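The values are calculated or read from the model by the stated rules, or taken from the named source; none is laboratory data. Not measured: the values here are computed from a predicted model. Here the Cβ positions follow ideal geometry from the backbone for every residue, glycine too, while neighbour counts run over all protein chains shown.
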């Protein structure tokens with residue numbers, strides 16, 4: 001297949017999304033497919049710290065990188081973008097769900113298009129500016145009406161599109177598992193717990209980790225990616241750390257903490273790369289709600305997805321941590337379920353069904 005991967009974010013700056021695309025397209029190429037990644041979001045320069053080993057196309061702008069300027073850029077350059085896609089002439093467009101702009105549906109009329117859904121977009125868009133919300137809602141159905149297939153990362157997200165009569169499949173996020181897992185380095189007598197997140201993400205439920213630390217002084221808690229002051233002796237904020245530094249902390253931790261307030265993002269089911277990173281590094285996880293691929297797993301303590309999930313289950317949390325403290329995880333089943341090879345073979349199988357169909 002000749003696949004065009006169409007996205008709306010800067011493919012020249014490191015991010016979790018970029019890493020996912022790198023892993024996906026690497027496996028697509030290994031399977032003999034031709035791939036081009038094209039971004040409709042203007043870039044202000046190339047960052048060589050990340051490399052996509054496929055043909056890629058991005059557009060450059062010296063204007064201020066604001067939401068408004070990025071949107072106006074799409075409108076001004078829509079003909080240019082569409083001509084570049086026609087020159088590539090893909091068998092199929094793999095489209096990461098984004099915002100509508102005048103001109104985008106013209107190209108969707110020509111090719112088979114499968115959309116990837118990663119979030120509850122109608123909930124997430126509420127955090128944007130009023131003009132962006134209005135444009136997004138105005139153009140959402142215009143895009144959906146031109147989709148030939150849909151891939152969602154959870155069953156819950158998939159069901160949001162039941163009203164659209166096109167082929168759909170759920171494929172949770174994959175992960176690149178290291179053949180040489182980290183060696184555990186038990187340096188503390190107390191069980192160690194770790195959370196890795198980002199600032200200003202309410203669905204992370206960091207306030208609930210404060211509560212855990214106060215109620216469970218016999219455990220130590222480490223929070224990565226966020227920097228706050230605290231007077232709780234067994235709670236430490238490390239701020240932003242590179243992955244290698246995070247792995248050093250993973251090595252002496254016993255249990256990881258996933259998002260505890262998914263209900264604030266309007267979902268109950270998740271498929272986060274962070275949970276997969278935890279499991280890759282042999283860490284069982286405390287999670288609000290459940291993961292699409294690991295539902296009912298012994299490695300996951302699934303808390304109810306509601307406000308009082310931690311306060312009502314502090315004894316279960318304590319028992320889970322003590323049960324796993326110092327134990328070694330068997331990653332065999334996890335790798336079989338979550339590896340990128342497993343996920344992308346399923347994805348390619350779904351995409352291939354559209355290649356011989358004509359619009």
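Here are a few things to note about the model shown:
- Put simply, of 162, 180 the only residue that is exposed (fewer than 13 other Cβ atoms within 10 Å of the Cβ) and under 30 Å from residue 350 (Cα atoms) is 162.
- Failed item in (1) more than 22 Å from residue 170 (Cα to Cα); (2) outside any strand (DSSP E or B); (3) in contact (Cβ under 8 Å) with a residue 24 or more places away in the chain, with residue 56 passing the rest: (2)
- Any chance residue 318 is in a helix (DSSP H, G or I), in the same structural domain as residue 201 (by TED's automatic domain parsing) and within 25 Å of residue 159 (Cβ to Cβ): no
- Among the criteria (1) surrounded by 14 or more Cβ atoms within 10 Å (Cβ to Cβ); (2) without any contact (Cβ under 8 Å) to a residue 24 or more places away in the chain; (3) not in a loop (DSSP other than H, G, I, E, B), the one residue 150 does not fulfil is (2).
- Boolean, residue 281 is touching a residue at least 60 places away in the same chain (Cβ under 8 Å) and more than 16 Å from the chain's Cα centre (by Cα): yes
- Helices (runs of 4 or more DSSP H) fully within the range 193-293 that include at least 3 residues being touching a strand residue (DSSP E or B) at 6+ places or on another chain (Cβ under 9 Å) and farther than 27 Å from residue 23 by Cα: 206-215.
- Qualifying positions in the range 126-144 - surrounded by fewer than 18 Cβ atoms within 10 Å (Cβ to Cβ) and free of Cβ contacts under 8 Å to residues at least 40 places away in the same chain: 126, 127, 130, 133, 134, 137, 138, 141, 144
- One residue alone among 10, 53 is modelled with pLDDT under 85, surrounded by 19 or more Cβ atoms within 10 Å (Cβ to Cβ) and in the same structural domain as residue 117 (by TED's automatic domain parsing), and that residue is 10.
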